[in-house]
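The next block holds one structure in the form of structure tokens; read it before the comments.
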Amino acid sequence: MKNIKEISMKLGLSDNAKMQLLFLFSLTVLMVVMQQYGFAGSDETGKDFTEKLFAMLAGTLGKGIAIAFVVVGVIWGIAEQSLKAFIIGVGAALGMVYVPGMIAGMFTAVL
């Protein structure tokens, strides 16, 4: 088997092209060797924890925290005499309500 220098001289490859070729080869080897880690969300590790956390955020705890965000935003807005604080409180409340479903949708999406 010939070494890389002889092959690259025979093909007339520049140093940059050699490095690109070696990088591509190493990526190919990594993809073949590490393919088992490419299945995101297919394992059951921590499933109980995430289900409980999503249930709490979607249930009364999440709604209570969202209401607290709105109340704090109203009080903060009155104290500063600005609508910015109120809008931040409402945005945080909307995030508490909708983001858990969006995160679940990202990790359970079927491609």
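Below are the figures for this structure:
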quantity: Selection status of K52, in a helix (DSSP H, G or I), closer than 16 Å to M96 by Cβ and either modelled with pLDDT under 80 or open to solvent by 60 Å² or more (accessible area, probe 1.4 Å) (or both); calculated: no
quantity: Looking only at the range 59-111, and only at residues there that are under 20 Å from F49 (Cα atoms) and hydroxyl-bearing (S, T, Y), the one that is nearest to the chain's Cα centre (by Cα); calculated: T108
quantity: Pairs, first open to solvent by 80 Å² or more (accessible area, probe 1.4 Å) in the range 70-97, second in a loop (DSSP other than H, G, I, E, B), C-beta under 9 Å, six or more apart; calculated: W76/S82
quantity: Residue in the range 30-37 that is open to solvent by less than 70 Å² (accessible area, probe 1.4 Å), within 26 Å of the chain's Cα centre (by Cα) and either modelled with pLDDT of 80 or more or closer than 30 Å to M96 by Cα (or both) present; calculated: no
quantity: G46, sole failed condition from (1) open to solvent by less than 80 Å² (accessible area, probe 1.4 Å); (2) at pLDDT 80 or above; (3) within 23 Å of F107 (Cβ to Cβ); calculated: (2)
quantity: Matching residues in the range 81-100 - criterion: being more than 26 Å from M56 (Cα to Cα) and modelled with pLDDT of 85 or more; calculated: Q81, L83, K84
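The values are calculated or read from the model by the stated rules, or taken from the named source; none is laboratory data. If you're wondering where the values come from, they're calculated on a predicted model, not measured in any experiment. Methodologically, a virtual Cβ is constructed for each residue, glycine included, from the backbone with ideal geometry; neighbour enumeration extends over all protein chains shown. Just so you know, the surface numbers come from the protein's heavy atoms only, side chains and all, with ligands and any DNA or RNA stripped out. Shrake-Rupley method; radii C 1.70, N 1.55, O 1.52, S 1.80 Å.
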